[in-house]
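Okay, so here's the structure we're looking at.
The values are calculated or read from the model by the stated rules, or taken from the named source; none is laboratory data. Not measured: the values here are computed from a predicted model. Note that we place each Cβ from the backbone using ideal geometry, even for glycine, and neighbour counts take in every protein chain shown. In case anyone asks, the SASA skips ligands and DNA or RNA and just uses the protein heavy atoms, side chains included. Shrake-Rupley method; radii C 1.70, N 1.55, O 1.52, S 1.80 Å.
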Amino acid sequence: MLASKEEVINQIYEDWGDNPQSEICFAVLDYLLRVPVKNLFHITYGSFKKVVGQNYTNDDVLKAIQYLCGERMNLLEMNFEIIENDENIFILSKEEVKIAQETGQLIHPETGKLVNNFKEKVFVYFQPSSLVKSIAQ
């Protein structure tokens with residue numbers, strides 16, 4: 001298991017080499033270690049785009065973020081929320097999202113009612129993993 005910033009950097013470079021994903025991962029790692037963890041509760045894809053700049057395609061950024069969420073790296077935890085009327089926000093479990101993807105139906109976590117057009121209302125956000133928290137100390 002990775003335990004230091006240097007080990008994480010070496011693993012990223014070993015996996016991605018000179019591909020754009022290496023630079024993206026390094027920028028995200030720097031961001032995760034530079035910003036106080038208490039301020040990293042709700043990181044959006046848009047936040048990552050700002051961190052890495054405009055020199056990368058959406059596809060490159062997505063691949064890097066998926067990699068950082070994966071078991072091999074495990075720097076980010078992916079979470080889900082449903083936003084209704086731009087103001088009502090409800091956290092969804094990974095299991096609820098998985099079931100919705102499999103069945104095409106999402107049951108509202110609070111009301112128990114079927115959510116119409118749930119794919120337009122469910123958003124992903126990220127949080128630093130315990131590995132980031134231990135490296136940042």
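Annotations for the structure displayed:
- Amide H to amide H distances under 5 Å link Ser129 with Leu76, Glu77, where only residues 5 or more positions off or on other chains count and H is placed in the peptide plane.
- Put a dot 7 Å past the Cα of Ile107, heading toward its Cβ, do the same for Gln66, and the two dots end up 3.0 nm apart.
- Taken per residue, the accessible surface of the chain reaches 62 Å², heavy atoms only and a 1.4 Å probe.
- Rounded to the nearest 20, the size of the Cβ-charge dipole of the range 4-79 about its Cα centre is 440 debye, with Lys and Arg at +1 and Asp and Glu at -1.
- Theoretical FRET efficiency, 1/(1+(r/R0)^6), r = Cβ-Cβ of Asn85 and Asn19, R0 41 Å, to 0.05: 0.50
- The range 33-137, accessible surface, carbon-and-sulfur percent (1.4 angstrom probe): 48 percent
- Restricting the range 29-107 to GluC sites (Glu not before Pro) that sit in a DSSP loop and have at most 10 other Cβ atoms within 10 Å of their own Cβ leaves Glu71, Glu87.
- A simple count of charges around Leu92, restricted to other residues whose Cβ falls under 11 Å of its Cβ and scoring Lys, Arg +1 and Asp, Glu -1, yields -1.
- Cα-based shape type of the range 11-88, given that a ≥ b ≥ c are square roots of the gyration tensor eigenvalues and the cut on a/c is 1.5: prolate
- Given +1 at the Cβ of Lys and Arg, -1 at the Cβ of Asp and Glu and no other charges, the dipole of the chain around its Cα centre is 260 debye to the nearest 20.
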